[in-house]
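Enquirer: Sharing a structure here in structure tokens format.
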Amino acid sequence: MDARTIILPSGKGAALAAIQTLTPATSPHAKTVAVESFRTVVFFIGGAGDKESYYFAGPYRNIFYAKESFDRRVKGAGKEGSYVSHYLGYNEARGASDIQNVIASKIPDKVTPVYIVGHSLGGWNGAHLSNILHSNGYQVEMLITLDPVGEGALVWLGSDIYYSKPQPKSVFWINVRANPRVPDSSDSVAEFGERWSVGSGPDVNHVMDINHYNARDMFCNPMADGLSAEDYMFESVVSYMRR
């Protein structure tokens, strides 16, 4: 049996792939074992009442529509083959058991680029998750927090979120804060839970005239530089697929 090893380009996300021929290389009937290609993993983490009801409200699937937009864009570009995304509730991104069984089990290895998009309480827990994964040797490529909420003591008492303020760890961090000229009931809920006032830290920190519930538009609408959070993530994900 002949074995050849291919080293993919060095740097973030590099992987080792092996091709093994099952018959001599000179044989016209040589067979090969399939090689696992590059993959990137994205976790879309919703807030309260997103994936499941929260005190009899919802589910509203706010972050799911952002996921749906991104999945459609990747598929339209013909790049879906080495990309996978997962839709989680905020409560699935907290605690050692959930992080191991729900999240880490979906990451093939520690060189796979990981992307986290969190909205509301999902932004708060997602920011904590970025630190936990980073501390355990995973490659957290991008964190996107969409109007993160969680600073209020009352919401902490009634929700499955971390009490301490997050210390995010990722190669690139985008934060979008909702500041609508015409607030609605979702903004009242966000104010009750206390929006996380993010000062320094993000590579892009943008305030958007938008209501709190609208995770899809926070993700897809252009920011000050003319690019959306979705644009940034798409270019990053596709860059790994080109390698």
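The values are calculated or read from the model by the stated rules, or taken from the named source; none is laboratory data. For clarity, every value in this text was computed on a predicted model and none was experimentally measured. Reconstructed Cβ throughout: ideal geometry from the backbone, glycine too, with neighbour counts over all protein chains shown.
Enquirer: Kindly indicate which of Ser188, Ser228 is over 19 Å from the mean Cα position of the chain (by Cα) and either free of Cβ contacts under 8 Å to residues at least 60 places away in the same chain or not assigned by TED's automatic domain parsing to the domain that holds Gly150 (or both).
Expert: Just one listed residue meets the conditions, Ser188.
Enquirer: In addition: Restricting to the range 131-146, give me the number of residues that are in contact with a His (Cβ under 9 Å, 6 or more places away or on another chain) and surrounded by fewer than 24 Cβ atoms within 10 Å (Cβ to Cβ).
Expert: Qualifying residue count for the region: 1.
Enquirer: Can you find, within the range 191-225, the residue that is modelled with the highest pLDDT among those that are small (Gly, Ala, Ser) and more than 20 Å from the chain's Cα centre (by Cα)?
Expert: It comes out as Ala224.
Enquirer: Right, Ile161: β-branched (Val, Ile, Thr), at pLDDT below 95 and either assigned to a loop (DSSP other than H, G, I, E, B) or farther than 27 Å from Ala190 by Cα (or both) or not?
Expert: When the stated conditions are applied, Ile161 passes them.
Enquirer: Here's something else I'd like to know. Kindly indicate the residue of the range 63-90 that is hydrophobic (A, V, I, L, M, F, W, C) and assigned to a helix (DSSP H, G or I) and also modelled with the lowest pLDDT among those meeting that condition.
Expert: Filtering first and then ranking leaves Val74.
Enquirer: While we're on this one: Among the residues of the range 91-110, write down those that are small (Gly, Ala, Ser) and modelled with pLDDT of 90 or more.
Expert: Correct list: Ala93, Ala104, Ser105.
Enquirer: Residues Glu151, Glu141: which one is acidic (Asp, Glu) and part of a loop (DSSP other than H, G, I, E, B)?
Expert: Glu151
Enquirer: If the requirement is being without any contact (Cβ under 8 Å) to a residue 40 or more places away in the chain, within 18 Å of Gly47 (Cα to Cα) and exposed (fewer than 13 other Cβ atoms within 10 Å of the Cβ), which of these qualifies: Ser164, Ser200?
Expert: Criteria check complete, one pass: Ser164.
Table: residues versus (1) surrounded by fewer than 24 Cβ atoms within 10 Å (Cβ to Cβ); (2) more than 21 Å from Ile161 (Cα to Cα); (3) in contact (Cβ under 8 Å) with a residue 60 or more places away in the chain; (4) outside the structural domain of Val149 (by TED's automatic domain parsing).
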position	(1), (2), (3), (4)
Ile63	no, no, yes, no
Val74	yes, yes, yes, no
Lys79	yes, yes, yes, no
His86	yes, no, no, no
Tyr90	no, no, yes, no
Arg94	yes, no, yes, no
Thr112	yes, yes, yes, no
Gly122	no, no, yes, no
Leu129	no, no, yes, no
